[in-house]
Amino acid sequence: MCKFTPCRKIILLILLTAVLIACGSGGGGGGGNDGGGGDSTTISGAAPITYDATDITDTSAKLNGLFVNHSGYQTTVWFEYGVTSSYGNVTASEIYANGQNVEIFPLADITGLMSQTTYHFRFVTQNTGGTFYGSDKTFSTLITPTILASGLGDPRGLAVDSTSVYWTEYNNGTVQKVGINGGAITTLASGLTSPTNLAVDSTSVYWTEYNNGTVQKVGINGGAITTLASGLTSPWDLAVDSTSVYWVEFNGGTVKKVGINGGAITTLASGLTSPTNLAVDSTSVYWVEFNGGTVKKAGINGGAITTLASGLTSPTDLGVDSTSVYWTDINGGTVKKVGINGGTVTTLASGLNGPTDIVVDSTSAYWTEFNEVKKVGINGGTVTTLASGHCDFIRVDSANTYFTDFPSAGNGTVKKIPKN
């Protein structure tokens, strides 16, 4: 306990210094008083901070800011934006009544932007103390996707070959295709019961019927439907090679295969915990177990099961190349990989918003999230957003990324964008 005058003076100086610092702070990125560009913003300046833009599409974005609405000041706020740091456009202003020293996070949705264009923007506040500017930030709009097919009921599984894009419509019970550059939609099969995922080879399109418990095929130009396997328990994802069709049974807990022309069904793995998606190479079949939190493999003719990764949150979909297996984790918000024989798990991307479908090529992994299509290098690095929308299934070819966009029933589309 201090009783002496010198000690009281020291305490007073400490308190005064704290007040001066609080009043003189520039807000960690705010602009200067009356556009001066310095950090000498007084308390009346409400310390404007420009935050990163979000929800960026090919023609729109959301601008974000922060200021402290100090007691005794009515503050008007807006954003300036444009293709240069001279801006040229402003958003509608908002007025905040005398504050209670609370943080306010204004935002503004801007539309009518040009695709593939870099925009500058900053947050501005104004009150009786003057006009105050946040720092300049930039964002770049995305490329506008090419719509290949529209007015779809519920586009799901997706596949692509050198001429066409194929998909299922789960609720409408159809398998359809369109040219890789668009055109007329061709219905290859109809009257189906919940067709789910599909795969394609040089002659046929193959799909699972989840509720009907079948694997079926039809020619890539249509024709008679052939049932390859029936009596299955919730078949979900499937893949095809030169001799066989492989699939997982979500509720049956199995991985199975049958010849591409039918025949005896072979169980490759059983006793699994909610297998959802699979991939095949020349020697092995790989799958994820959603509720089991694992990535596993077995030989394409069966045999011992190898666990490649475990302790995962909810592995969702996977892809494979000559060295690694890649997967999404919808609840973990990650994209990861491991060697095809196991080893150390590498996180390629994290902090994602529900990543689901994934494919890989020789350089990158591509995936869908709830509202975006993204990619990252197969060894990690910067995550790039390619497109926005209610994205679900994704495939790639040598030049383009194809994806389904399903905002609501009857408004589904199949789209494409360049890979780079």
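Bear in mind these aren't lab numbers, they're just calculated from the coordinates by the rules spelled out. A quick note: this is a predicted structure, and the numbers were derived from the prediction, not measured. Every residue, glycine among them, receives a Cβ derived from its backbone with ideal geometry; neighbour counts consider all protein chains shown.
The table below lists the values:
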| item | result |
| --- | --- |
| Members of K62/K419; K217/K375; K256/K415 lying beyond 28 Å, as alpha-carbon distances in this model show | K217/K375; K256/K415 |
| Degrees, to the nearest 10: 5-24 long Cα axis against longest axis of the chain | 60 degrees |
| Neighbour-count order for V288, V345, V215, fewest beta carbons within 10 angstrom listed first | V345, V215, V288 |
| Within region 232-328: Cβ-based charge dipole about Cα centre, in debye rounded to nearest 20 (Lys, Arg +1; Asp, Glu -1) | 220 debye |
| Cα-Cα P(r), region 72-118, percent of pairs per 5 Å interval | 5, 16, 23, 20, 14, 10, 8, 4, 1 |
| For region 352-390 versus region 255-271, the gap between their alpha-carbon centres in whole angstrom | 31 Å |
| In nm, spacing of pseudo-spin labels at T227 and N411 (7 Å Cα→C-beta vector) | 3.8 nm |
| Overall Cα dimensions of region 281-420, principal axis frame, Å, largest first | 45, 30, 30 |
| Segment D397-N171, extension gain: residue separation times 0.36 nm, minus the distance between their alpha carbons | 78.6 nm |
| In Å, descending, principal axis extents of the Cα set of region 192-242 | 28, 21, 15 |
| Selection from S408, L386, N371, by position along the positive dipole direction of region 363-420 (Cβ) | L386 |
| Relative contact order, percent, the chain [alpha-carbon distance under 8 Å, six or more residues apart] | 9 percent |
| Over the chain: helical MRE at 222 nm, DSSP H runs n ≥ 4 each giving -39500 (n - 2.57), nearest 500 | -1500 deg cm²/dmol |
| Diffusion constant of region 91-245 at 37 °C, which comes from Stokes-Einstein with the Kirkwood Cα-pair radius and 0.692 mPa s, µm²/s | 166 µm²/s |
| Percentage of interatomic Cα-Cα distances in region 169-311 larger than 18 Å | 54 percent |
| Cα-based Kirkwood hydrodynamic radius, the chain, one decimal, Å | 24.5 Å |
| log10 of Debye I(q)/I(0), alpha-carbon scatterers only, for region 43-114 at 0.25, 0.26 Å⁻¹ | -1.13, -1.19 |
| Cα-centre dipole for the chain with unit charges at Cβ (Lys and Arg positive, Asp and Glu negative), debye to 20 | 760 debye |
| Proximal aspartates and glutamates to K257, defined as alpha-carbon separation beneath 18 angstrom and excluding residues fewer than eight positions away on the same chain | D201, E209, D237, D241, E249, D281, E289 |
